[in-house]
Structures are given as C-alpha cells and as structure tokens.
Amino acid sequence: MAEEKINSGSKKAVIAAVCLVVVVAILFFVWRAVAPQGTEGGKHIVVEVVHGDGSSKEFPVDTDEEFLGKVLVDENIVEDNQSDYGLYILTADGETADDSKQEWWCITQDGQSLDTGADSTPVVDGAHYELTLKVGYDY
C-alpha cells in the first residue's frame, strides 16, 4: 500500500515536470515569434543626438547590422556600457547623463516612442533614430 502511494506520487511529479517543460517550451516559441526581428543587408539610417541644451547633431550611417545598439557603439555615437539587460546609454556624442539630476537618454524612431532597448531595436532602412537627453524619471 505504501509503495502504491509512492509510485502514485512519483507519477504525479513526473507528469507535473513534463507539463512544466512543455509550457516553458511553448512560451519560448511564442516569445521568439513576437520578438522584434532585424533584417539582413545594407541599410542607410540617420541617428540624431539631441543634447540637453537643445542643440543636435546628425550621424548618417550605412550599416549591415540588424540592431541599433551595435550601430551606436561601432559608430562611436555612444559609449559601450553593457548591463545585465544589454546596452545602457550613459554617454551620447560626448554628453553624459547625470543620474543625480534624473537625466537619461530616450531612444525614438522617426519621432515615435519605442518599446525596445537599443540592442533589441531593429535597424530599418531609411529610418531616423533620435537619442534625446531627458530630465525626470516620471516621463
């Protein structure tokens, strides 16, 4: 009788583990399907850095890269500050955001807000990307 309870408990544990693996696999494939996708091939973009004083500088770039983060670093538009979550933009075109003043760099594409960070923003041929120094975290 005790052996039946152990076997029954073991069977339930194995079934639960298999179900968990299946759910994780499904979530992984859903995530891969909806994640932003880069495209191969040559692209021409413009990256505009809008400084805290309102001045701006445009950087025309021809690239084969699929995602914006690598372009920004390779073209020396931003300093390469990697975090656990990817590129953390602290300095752009020589201007460093001051955390004590709640300054940060906002990335937009053609004036529209993005839901992605630099490393997961696909490079789109002909696009205009803006890095704007913002003040205040309640944006």
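Points to keep in mind about this one:
- Restricted to segment 51-83, and to residues there that are farther than 25 Å from residue 135 by Cβ and of a type in the set (Val, Ile, Thr), the residue that is surrounded by the fewest Cβ atoms within 10 Å (Cβ to Cβ) is 63.
- Some residue of segment 34-50 being in contact with a Lys or Arg (Cβ under 8 Å, 6 or more places away or on another chain), at pLDDT 80 or above and either within 23 Å of residue 127 (Cα to Cα) or surrounded by 15 or more Cβ atoms within 10 Å (Cβ to Cβ) (or both): yes
- For segment 94-108, the criterion of being surrounded by fewer than 15 Cβ atoms within 10 Å (Cβ to Cβ) and in contact with a helix residue (DSSP H, G or I) (Cβ under 9 Å, 6 or more places away or on another chain) is satisfied by no residue at all.
- Unmet requirement for residue 11, which otherwise passes all of (1) among the basic types (Lys, Arg); (2) more than 18 Å from the chain's Cα centre (by Cα); (3) modelled with pLDDT under 65: (3)
- Given (1) more than 26 Å from residue 42 (Cβ to Cβ); (2) in a loop (DSSP other than H, G, I, E, B); (3) at pLDDT 95 or above, index of the condition residue 133 fails: (2)
- Selection status of residue 127, in the same structural domain as residue 81 (by TED's automatic domain parsing) and under 15 Å from residue 79 (Cα atoms): no
The values are calculated or read from the model by the stated rules, or taken from the named source; none is laboratory data. The shown structure was predicted, so the numbers you read here are calculated from the model rather than taken from an experiment. All Cβ positions, glycine included, derive from the backbone under ideal geometry; neighbour counts span all protein chains shown.
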